[in-house]
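The values are calculated or read from the model by the stated rules, or taken from the named source; none is laboratory data. Predicted model only: the values in this text are computed from it and were never measured. Cβ sites come from the backbone with ideal geometry, for glycine too, and all protein chains shown count toward neighbours. These accessible areas exclude ligands, DNA and RNA; they are computed on the full protein's heavy atoms, side chains included. Shrake-Rupley method; radii C 1.70, N 1.55, O 1.52, S 1.80 Å.
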Amino acid sequence: MLAASATPAKDSLMVVLDKPVLMHGDTLSLLATYLPANKKKVAATLQMQVENEKGHSIKMRWPLLNNIADGDFIIPDSLPNGKYTISFAVQPRFFRIYGQVKPPIRTTMLNTNLLTGKGGWLSAEIPVESDGTFTIRNWLFEKEATLVFSRQKKVNSDLDISINTWLDSSYQPAAYAVREFYVGTPPSAISIDSNGSRLQPDSSKFNERVNLLPGVVVTGKQKTKADKFNEVYSTGLFKSMDEKVFDFMSETSDAFGYSSVLDYLQGRVAGLQIARDQDGTMGAKWRGGNVSFFIDEQVVEADQISTLSTADIAIVKVYPPPFFGATGGSGGAIAVYTRRGEYSANTGNRHVFRVKGYTPLQTVLYVN
């Protein structure tokens, strides 16, 4: 007789809201506790998406330190009344940067300085491997910061570095939770318990798509630089889908006359609407849904796309809705790929970057 195998224990996430109904000017306090099956204390990231009944949403992330994250949402007067749903997911990663110093520069150590929005500095010496790669781990800062690299005792005019941050990549959540709250006086027909309604978690808001379409081989024409670049650098869910590819490397490209890639795309894709809101923040909609943005297959905000020089871009891929590889990508996606390898623009002097950290633990809740 075969012994029955025990069901493996699963990670879980407990989220407590201090109140289910709020008025303008109130503060909603949250406490999230991550319970790994192995019961270990970890440093991870709590990803959050707040969505209203019209489908408007905002994404945030807090650090999970020793398995706990807690903070406050301030309810502004401008936040419309109604029901709000918060989807939570544990990303089993903390802030980390993977980088590479491009040849022919050789160095065994880099100086790094991170200037935060509040004027603070984080400094460190980072060892560089023989292939030029390096890693920065477990830095904690809010909002955006400026990251500056320098070589020891040398000028940086020829320092050329590429980086990726883990927090903006696709991932498989370790645990989920969903809660609801109401702003204003809820209708009498709606009943919300004291801890916020518990719904079946929708993991599609955070999941990486794993069922990929097969590759398509096209014959009968000579491959362009864009075709070859796309074959080499497009991976996973970004490869061989129903996308439109714009070539920024062709000598006949007219992209260089535009200040940003978003300006270039305006009017070139049917149904894609690109605009700035009242706060000056860039955004895009497609068939009524919010468009997701990627640089080198890493999730970014629209403003980060708009600051890229068109001379540094190899190709741009535009995916029609729905795009399943992003949180809230119901309105399609725009993926920008920067030049690298043999396709490098040879602009050099790439040693200063803007990097995105964590959402402040007390933040005003604006749902766009």
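Could you check how many residues of region 143-183 are under 23 Å from residue 236 (Cα atoms) and either at pLDDT below 80 or not in a loop (DSSP other than H, G, I, E, B) (or both)?
Counting residues in region 143-183 that are under 23 Å from residue 236 (Cα atoms) and either at pLDDT below 80 or not in a loop (DSSP other than H, G, I, E, B) (or both) gives 10.
Within region 35-66, count every residue that is in contact with a Ser or Thr (Cβ under 9 Å, 6 or more places away or on another chain) and at positive phi.
Result for region 35-66: 1.
Just for region 302-338: of the residues that are in a loop (DSSP other than H, G, I, E, B) and at pLDDT 80 or above, which one is most open to solvent (accessible area, probe 1.4 Å)?
Here the answer is 320.
Kindly provide the set of residues from region 67-94 that are at positive phi and either within 20 Å of the chain's Cα centre (by Cα) or not in a strand (DSSP E or B) (or both), ordered by number.
Across region 67-94, the qualifying residue is only 67.
Restricted to region 287-301, and to residues that are at pLDDT 80 or above and part of a loop (DSSP other than H, G, I, E, B), which residue is farthest from residue 335 (Cα to Cα)?
The first filter runs over region 287-301 and keeps only residues at pLDDT 80 or above, leaving 287, 289-301.
In the following step, the residues that additionally are part of a loop (DSSP other than H, G, I, E, B) were identified as 287, 291, 296-297, 301.
Details: 287: 18, 291: 10, 296: 7, 297: 7, 301: 11 Å.
That would be 287.
Return yes or no: is residue 108 more than 30 Å from residue 285 (Cα to Cα), of a type in the set (Ser, Thr, Tyr) and surrounded by 13 or more Cβ atoms within 10 Å (Cβ to Cβ)? Talk me through it step by step, then tell me what you get.
On the way: more than 30 Å from residue 285 (Cα to Cα): yes; of a type in the set (Ser, Thr, Tyr): yes; surrounded by 13 or more Cβ atoms within 10 Å (Cβ to Cβ): no.
No.
Can residue 276 be described as more than 21 Å from residue 244 (Cα to Cα), loosely packed, with under 14 Cβ neighbours inside 10 Å, of a type in the set (D, E, K, R) and at pLDDT below 80?
Values: more than 21 Å from residue 244 (Cα to Cα): yes; loosely packed, with under 14 Cβ neighbours inside 10 Å: yes; of a type in the set (D, E, K, R): yes; at pLDDT below 80: yes.
So residue 276 passes the test.
Condition first: closer than 16 Å to residue 172 by Cα and either surrounded by 13 or more Cβ atoms within 10 Å (Cβ to Cβ) or modelled with pLDDT of 95 or more (or both). Now tell me which residues in region 8-42 satisfy that.
Result: 11, 12, 13, 34, 36.
Please pick out the residue among 350, 354, 268 that is within 26 Å of residue 228 (Cα to Cα), modelled with pLDDT of 75 or more and either crowded, with 17+ Cβ neighbours inside 10 Å or touching a strand residue (DSSP E or B) at 6+ places or on another chain (Cβ under 8 Å) (or both). Walk me through how you get there before you give the answer.
On the way: 350 fails: modelled with pLDDT of 75 or more; 354 fails: within 26 Å of residue 228 (Cα to Cα).
So the residue among 350, 354, 268 that is within 26 Å of residue 228 (Cα to Cα), modelled with pLDDT of 75 or more and either crowded, with 17+ Cβ neighbours inside 10 Å or touching a strand residue (DSSP E or B) at 6+ places or on another chain (Cβ under 8 Å) (or both) is 268.
Take the residues in region 34-61 that are among the small types (Gly, Ala, Ser) and assigned to a strand (DSSP E or B), then tell me which one is nearest to residue 12 (Cα to Cα). Explain how you work it out, then say what you get.
In the first step, residues of region 34-61 are kept if they are among the small types (Gly, Ala, Ser); the result is 37, 43-44, 55, 57.
Filter again for assigned to a strand (DSSP E or B), leaving 43-44, 57.
On the way: 43: 15, 44: 14, 57: 24 Å.
This residue is 44.
Has region 221-238 got at least one residue that is outside any loop (DSSP other than H, G, I, E, B), at pLDDT 65 or above and of a type in the set (Asp, Glu)? Talk me through it step by step, then tell me what you get.
Applying the first criterion (outside any loop (DSSP other than H, G, I, E, B)) to region 221-238 yields 225-233, 236-238.
Among the residues that remain, those that are also at pLDDT 65 or above are: 225-233, 236-238.
Still in the list and also of a type in the set (Asp, Glu): 227, 231.
Yes - at least one qualifying residue is present in region 221-238.
Quick check on residue 210: is it within 30 Å of residue 86 (Cα to Cα), modelled with pLDDT under 50, open to solvent by 60 Å² or more (accessible area, probe 1.4 Å) and not small (Gly, Ala, Ser)?
Values: within 30 Å of residue 86 (Cα to Cα): yes; modelled with pLDDT under 50: yes; open to solvent by 60 Å² or more (accessible area, probe 1.4 Å): yes; not small (Gly, Ala, Ser): yes.
The answer is yes for residue 210.
Tell me the residue from 255, 284 that is closer than 15 Å to residue 314 by Cβ and at pLDDT below 85, please.
Checking each option against the conditions leaves just 255.
Any residue in region 129-136 that is at pLDDT 80 or above, surrounded by 19 or more Cβ atoms within 10 Å (Cβ to Cβ) and in a loop (DSSP other than H, G, I, E, B)? Don't jump to the end; show me each part of the working.
Keep residues of region 129-136 that are at pLDDT 80 or above, which gives 129-136.
Still in the running and surrounded by 19 or more Cβ atoms within 10 Å (Cβ to Cβ): 134, 136.
Next, only the ones that are in a loop (DSSP other than H, G, I, E, B) stay: none.
The answer is no, given that none of the residues of region 129-136 is at pLDDT 80 or above, surrounded by 19 or more Cβ atoms within 10 Å (Cβ to Cβ) and in a loop (DSSP other than H, G, I, E, B).
Assess whether residue 74 counts as being within 19 Å of residue 361 (Cβ to Cβ) and open to solvent by less than 60 Å² (accessible area, probe 1.4 Å).
yes
Could you check residue 64 against (1) without any contact (Cβ under 8 Å) to a residue 40 or more places away in the chain; (2) assigned to a loop (DSSP other than H, G, I, E, B); (3) open to solvent by less than 10 Å² (accessible area, probe 1.4 Å) and say which number it fails?
(2)
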